[in-house]
Amino acid sequence: MLLSTVLLQAAAGVGLSKVGAALGAGLAVIGAGLGIGKIGSSAMDAIARQPEATGKIQTNMILTSAFVEGCALFAIVACAFLIK
């Protein structure tokens, strides 16, 4: 399915670099979503085990999620530069 889409885009005159950049941006978003989901899941497990540490856990969860989202943003910007 993916190969046929790439071949159709190449036949239509779209440069393969644009297709690759779009795939890279998509993978960055999917990876960030999975990472942030894992962070949230682990934080909820930790809060369930130690409710008294909720503040520290939430702070670390938010910081880590922000770092993951920042890395994804850098990847998307890099892919956007490849398109132009």
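Since every read-out is calculated from the coordinates, none of them should be taken as a lab result. Remember, it's a predicted structure, so these values are computed and weren't measured experimentally. Here the Cβ is made from the backbone with ideal geometry for all residues, glycine too, and neighbour counts use every protein chain on show.
Annotations for the structure displayed:
- Tensor-based shape of region 15-78 (alpha-carbon gyration tensor, a/c under 1.5 rounded, otherwise prolate or oblate): prolate
- Label-point separation, LYS18 to ALA53 (7 Å along Cα→Cβ), nm: 5.1 nm
- Gain on full stretching of the segment that runs from VAL77 to ASP45 - 0.36 nm per residue minus C-alpha separation: 8.2 nm
- Protection proxy ranking of 52-61, 68-77, by the mean of other Cβ atoms within 10 Å over each peptide's residues and highest first, is 68-77, 52-61.
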